[in-house]
Amino acid sequence: MRQVLLAIIAFLYVPAISCAAFGATDSPFPVRDFGAVGDGIVLDTGAAQKAIDACAAAGGGTVFFSGGVYLCGSLHLRSGVTLFLDGGATIKSSLNNADFDPVEKLGFKNDADTETSFFHHALIWGEDVERIGIVGQGTIDGNRTKRGGPKNIALKRCKYVTIQGVRLLNCPNYNISMLGTDFVNIDGVTILNGYADGIDPDACRNVRISNCHVEATDDAIVPKTSFSLGERRACENITITNCFLASVCYCFKLGTESGGDFKRIAVSNCVMTGLEGRGPASGGIALESVDGANIDGVTISNITMNNVQSPIFLRLGNRGRDMATPTPGSLKNVCISSVVAEDAGLACSVAGIPGYKVEDVTLSDVRVVYRGGTVLRPAREPVPENIDAYPDADMFGALPVYGLYCRHVSGLSLSNVQLLAKPGFWRLAVTDVTNVDDRNLDWRTDPPGGSHPAPLGPALVCDDVSHLAIEVFQTRASDDGSPVIRLMNVRDANIRGSAAPEGTRTYLDVDGTGTETSDIRLMGNDLSRAKEAVGGDPEIRKAVLKANRMK
């Protein structure tokens, strides 16, 4: 009985603390006191703005939205002001574009699109303000049925921001869009039916995103570093944890806007999936530097994915937006661990470009199960570089692998990686291997028309990779005799603690030009079930066998 009484006291006490903390219960600035009607018909922009301005003039505090539907155009946040939305309160976007501020003029050239660049055309926006909040259990409704319109929340060059507890619905633009905004805490926010991105920290620092549920047609959470401030500014000290992320694009992505650097980014304990009723996600985790960014120090851990086509995609390219002379940046010091992905359809990739390698990447305790795939590119048919192309998991067309493709990498560690295929694995039946659009495939159903059961191909292909370490690598044998692992132009590789699966014809295939493939070491592996432990180029094969004292 004592425990029951304590539980009841705690239940009653916590909401009171929460409301008092936000100042809602005793707020001198209820929007209804300033003329707001809250019937969803009368435009309440003027009344709500009067309450915000009065609160700011008094030195700050809480503007209270009690139960009701407040039809509004653009509301301007002021320093020191927190908007508190009661559980029955909805701020609903007007359908009249004239009720919103026009997009601002930047005064400089910027290659980013309008959704990324502009912040004034929004339902709730702030610029150069600090100590602001949008909290409570209420709703912010974008009130649209398709993409194109005002953002729900837009913050530019702000500091000390809290967005907590609210629901964001039906947004035709980015739901929470932040540019050059620092010291941000986004917690317990729900985003549903977003027609564009969910949460975008662009050139932001010290951002925490936690306990959020995001469903967005475009990317769910996507830190960017665009040129929309007129300068290259880093996105750094970003933590994302305990979130559900659903998308038909990417669940978590760095880029594609990548003019400034990305430093010290940590993502953990997240569920990633396709968008129910809309299709699979193009990708789960994507790290992309294509406009000169230096990506350095990224950790991603404890991730579970389902209905995601390419679970892991790392790309260093040279698109060169907002650069007089496009120059590649760097992508290094990345650790991705404890990832489980089911029903994948495209190979994972870690890819740099000639002369600019992805550096020091670790994939550990990763399990990916593939249901189907695109057409398999012939083993020795060149894969296009597409150096300046938009980065996407299907940007290379068909790949000569079903599991993991690595090219132009220095320092790659694969530890306890499982790349598996479900029984009945199938491939799309196409003839043009350079023009494969994965978005036409429906991975949620049985193999679509124009597909057929097909060989797996290799589980892992590495091309122009140095300092490679593979330990406890698990897969299944391909039914067409393809090798489990193919190494091309690979230098200084250790393969240890792994076993050839039942039915393996060749475990390791080695190839390359001249002496580009060298120093391949096999230690402590069980290759007894392989008809041939090492195959490929006769001279390279001979050197590998001799170095490892194998016949």
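What the table shows:
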quantity	calculated
Of all residues in the range 170-198 being of a type in the set (A, V, I, L, M, F, W, C) and crowded, with 24+ Cβ neighbours inside 10 Å, the one that is nearest to Glu276 (Cα to Cα)	Ile191
Whichever residue in the range 218-248 is of a type in the set (D, E, K, R) and assigned to a loop (DSSP other than H, G, I, E, B) and, among such residues, is surrounded by the most Cβ atoms within 10 Å (Cβ to Cβ)	Asp219
Segments classed as strands (runs of 3 or more DSSP E), wholly inside the range 100-160, with at least 2 members that are within 28 Å of Thr62 (Cβ to Cβ), of a type in the set (Gly, Ala, Ser) and modelled with pLDDT of 95 or more	122-127, 130-136
Single condition Phe252 does not satisfy, out of (1) within 21 Å of Cys348 (Cα to Cα); (2) touching a Ser or Thr at 6+ places or on another chain (Cβ under 9 Å); (3) in a strand (DSSP E or B)	(2)
First in the range 519-533 and within 10 Å of Pro501 (Cβ to Cβ), second anywhere and among the hydrophobic types (A, V, I, L, M, F, W, C), Cβ under 9 Å, 6 or more apart	Arg529/Ala477; Arg529/Ala499; Arg529/Ala500; Ala530/Ala477; Ala530/Val484; Ala530/Ala500; Ala530/Leu508
Filter pass, Arg371 being closer than 28 Å to Thr304 by Cβ and buried (at least 18 other Cβ atoms within 10 Å of the Cβ)	yes
Residue pairs meeting the criteria (Cβ under 8 Å; at least 6 apart or on separate chains; first free of Cβ contacts under 8 Å to residues at least 40 places away in the same chain, in the range 347-371; second in a strand (DSSP E or B))	none
Residue, farthest from Val544 (Cα to Cα), within the range 472-506, restricted to residues that are assigned to a strand (DSSP E or B) and of a type in the set (A, V, I, L, M)	Val472
Leading residue by the ranking (nearest to Gly230 (Cα to Cα)) among those in the range 274-323 that are crowded, with 19+ Cβ neighbours inside 10 Å and acidic (Asp, Glu)	Asp322
Only listed residue being in a strand (DSSP E or B) and either on the phi < 0 side of the Ramachandran plot or at pLDDT below 95 (or both), chosen from Arg371, Arg321	Arg371
Identity of the residue in the range 249-273, of a type in the set (Gly, Ala, Ser) and at pLDDT 95 or above, that ends up surrounded by the fewest Cβ atoms within 10 Å (Cβ to Cβ)	Ala266
Among (1) modelled with pLDDT of 95 or more; (2) hydrophobic (A, V, I, L, M, F, W, C); (3) within 33 Å of the chain's Cα centre (by Cα) - the single one Val510 does not satisfy	(3)
Members of the range 518-533 found to be over 37 Å from the mean Cα position of the chain (by Cα), surrounded by 15 or more Cβ atoms within 10 Å (Cβ to Cβ) and assigned to a loop (DSSP other than H, G, I, E, B), listed by number	Leu527, Ala530
In the range 62-98, the residues that are over 33 Å from the mean Cα position of the chain (by Cα), under 18 Å from Gly165 (Cα atoms) and not aromatic (Phe, Trp, Tyr)	Thr62, Val63, Ser66, Gly67, Gly68, Val69
Search result, residues across the range 304-346 that are among the aliphatic types (A, V, I, L, M), within 13 Å of Ser289 (Cβ to Cβ) and touching a residue at least 60 places away in the same chain (Cβ under 8 Å)	Leu316, Met323
Some residue of the range 155-169 being in contact (Cβ under 8 Å) with a residue 40 or more places away in the chain and closer than 22 Å to Leu275 by Cβ	yes
Filter result for the condition that a residue is among the β-branched types (Val, Ile, Thr) and either over 17 Å from the mean Cα position of the chain (by Cα) or assigned to a loop (DSSP other than H, G, I, E, B) (or both), over Val350, Val383, Val340, Val334	Val383
Flag if Ser74 is of a type outside the set (A, V, I, L, M, F, W, C), modelled with pLDDT of 95 or more and closer than 18 Å to Ala122 by Cβ	yes
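The values are calculated or read from the model by the stated rules, or taken from the named source; none is laboratory data. Bear in mind that the values here come from a model prediction, so they are computed numbers and not experimental data. When we count neighbours, we look across all protein chains shown, and the Cβ atoms used for this are built from the backbone with ideal geometry, even at glycine.
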